[in-house]
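Following: one structure in structure tokens, then a few remarks.
What follows draws every value from the coordinates through simple rules; no lab data is involved. All values derive from a computational prediction rather than experimental measurement. For neighbour counting, all protein chains shown are included, and Cβ atoms are generated from backbone atoms with ideal geometry for every residue, glycine included.
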């Protein structure tokens, strides 16, 4: 492995790890706050138990997300100093605001986790909500910074120099809204289905108690609604990317040749040497419609893009297919569940439906990871789209391969421990009546 | 131009607060490393209770500092990222290991062998993280970074592996332990614990003074310009003298267990030391082999500094009241302490013994 691939792999690994914890850390507080609200309103004890159980999950995911986020703020410089030297002052605005949001989140989580019985119940509830709100704000701001790498604005690029920097314009770049919307919905879908899936497994194990029932309902309601909205957001994103980054959409769709009435390619294995896609299903005019809203529109293929500016087609295409497939399955399940709830159908409590939910547990996160690959790998070879190549942003220090292995080891062990901890927490939940924190009466 | 000063002030304050609050936090782990096994469990619970609610916030100062550096002073951020890649990575390993171990050991409902692993990771990373933090700080002012170096060892190993950077690392560890001990005197719930932390505070203070002397010695041995600059600068000299004069007062306060004034004095001393250092090299920030990086020279353009300055001012208007209320609530407002302890004990007992 050469240093460049090692640096990219380390970055991919770090972000791929962080994204899971960040998603859960910013969405679970909302589930927790809903359950907490229901407890305060209905005084049903199982809501309190659920709130406490989820808050432990939030604590574990928050800290893991926080430390991996701290690492990322250093890794940007450790791996890509040349990029940060120029990009830092331009796309730094969302990061400086994110610092505030992150700080407030850390304060709010302190209040919430340790605040049982110490504050007025509604103030305590409010701090829980703030954990979610500030977490969500952090997520949106970081995605806005990433949006700038895809749609660099807010400066003039003259003779290799970045002049007339406008940090606000850079923050509100053309990609920030579509990306932030898509990512936020994705976080709700992934976390909602994952949490619902875990509680479905527990329900199937005969733990037919109101706690898991309520948990499933809260998580899946949000997850299902987000899953239904997500294709709309995806459509906005696709049209936006088609306009700004033709190379990315061409790689996503393995669209080698520029043509009108371009077909939408489903599945298939792109053959980059012969510029064909094997084993694919083609929907005539589909890509033209997806990218430009018109079946006859011309879609730029990779043939119009210089060879040395092609993103890796195979990875981008497959990741895009995986993301869409997962998203569709989750959307249909979401529709089914909402319909079942609305019409009070018995199947929502049936074993087959719970089994389905159990199988879908990781699907949302697979989609999140795949989507992240699409947006990052699809931007290659650029680190700042059209301005700076990734290779030119890299550190001069040799031996990044060792750093890659070190980080791989850290992330693998952390994943292992977090998984183990969650399993233990979940087991603990059913094993006994844990004495719970409460409000003084 | 005004904004350059605003941003610079925030940078210094963030670094100072990280050393004070984050430092006391690391120190709690360092103290645990040097506590008898019989008292470890108690010290652990006490630490958790004392720093639990604010420990996440304590570490946010580092994030603020790093964001200010990469947005406002990109040349400093990238220079350090390149030449101090190795100690920075080691510090990061410490940060991630410590943060997760601290939370995992509390949230793992099973008391088993893994607890020992968490504790080991927690105490050793509590030691290593501030060591590398100090080591990096020492390197930054040591003049050992050489951008023209041609070999790997010269460029990436030599800068941070001299006497001076290593001794500054140890000095930082001592400061952290000392801050934690003084802080924990006030958190202790009975006289035994109070005496335990008092003794530790005095011992760690002596160690800190010795390590501080070693820093001067190392600077002298390595013939660093820092020495003359520090001693020829009146303001810096006065700050250092104030820190030294307040030492005996601190001892008296610690001995008589007046923890509030002891805390204030400890924070005062650390602030003075850091101030003396920053002031004597100002406006330089990084001193390299044959050049320096000044804050102004490394600063981003004025539009970026303005935006960053405003973001920091607005941000602190939200953060500081919230943070103050958090600390205030858990320090003074223990109106329901009994319930709290009962909950905690219940939670501890609720764990399953394997």
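Numerical summary
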read-out	value
Cα gyration tensor category, rounded, prolate or oblate, for the range B:220-284 with a/c compared to 1.5	prolate
Chain B: angle of helix B:37-51 to the longest principal axis, Cα-based, in degrees nearest 10	70 degrees
Average beta-carbon neighbours from other chains, 10 Å sphere, peptide A:115-128	2
Gaussian network model of chain A, springs between alpha carbon atoms under 10 Å - residue of A:408, A:191, A:127 with greatest fluctuation	A:408
Cβ neighbours within 10 Å from other chains - mean over B:64-76	6
CD proxy at 222 nm, helix term only [per DSSP H run n ≥ 4: -39500 (n - 2.57); per residue of chain B; nearest 500]	-26000 deg cm²/dmol
Between helix A:313-342 and chain A: long-axis angle, C-alpha atoms, 0 to 90°, nearest 10	30 degrees
Percentage relative contact order, the range A:275-368, counting C-alpha pairs under 8 Å, at least six apart	22 percent
Residues residue A:239 and residue A:156, FRET efficiency given R0 of 25 Å [Cβ-Cβ distance, rounded to 0.05]	0.35
Viscosity 1.306 mPa s, temperature 10 °C, Stokes-Einstein D of chain A from Kirkwood C-alpha radius, µm²/s	68 µm²/s
Cα gyration tensor, the protein assembly as shown - rounded (a/c under 1.5), prolate or oblate	oblate
Three-way shape label, chain B, alpha-carbon gyration tensor, a/c 1.5	prolate
Quotient of Cα Rg and 2.2 N^0.38 Å for the range B:1-115, N being how many residues it contains	1.30
Crossing angle, helix B:2-17 versus chain B [Cα axis fit, 0-90 degrees, rounded to tens]	40 degrees
Choice from B:212, B:297, B:27 showing the highest fluctuation, given a GNM over chain B with Cα pairs closer than 10 Å	B:297
Where labels lie 7 Å past Cα in the beta-carbon direction, separation of residue B:235 and residue B:290 in nm	3.1 nm
Ranked by how many other beta carbons lie within 10 Å on average, peptides B:272-285, B:143-156 from highest	B:272-285, B:143-156
FRET efficiency, residue A:336 to residue B:331 (Cβ-Cβ, R0 56 Å, nearest 0.05)	0.60
Residue exposure sequence - B:76, B:111, A:249 - by fewest surrounding Cβ within 10 Å	B:111, B:76, A:249
Estimated 222 nm signal from helices in chain A, with DSSP H stretches of n ≥ 4 weighted -39500 (n - 2.57), rounded to 500	-24500 deg cm²/dmol
Taking the range A:103-220 and dividing mean pair separation by its residue count, relative contact order in percent (alpha carbons under 8 Å, at least six apart)	18 percent
Most mobile listed residue (A:163, A:211, A:314) in chain A, GNM with C-alpha springs under 10 Å	A:163
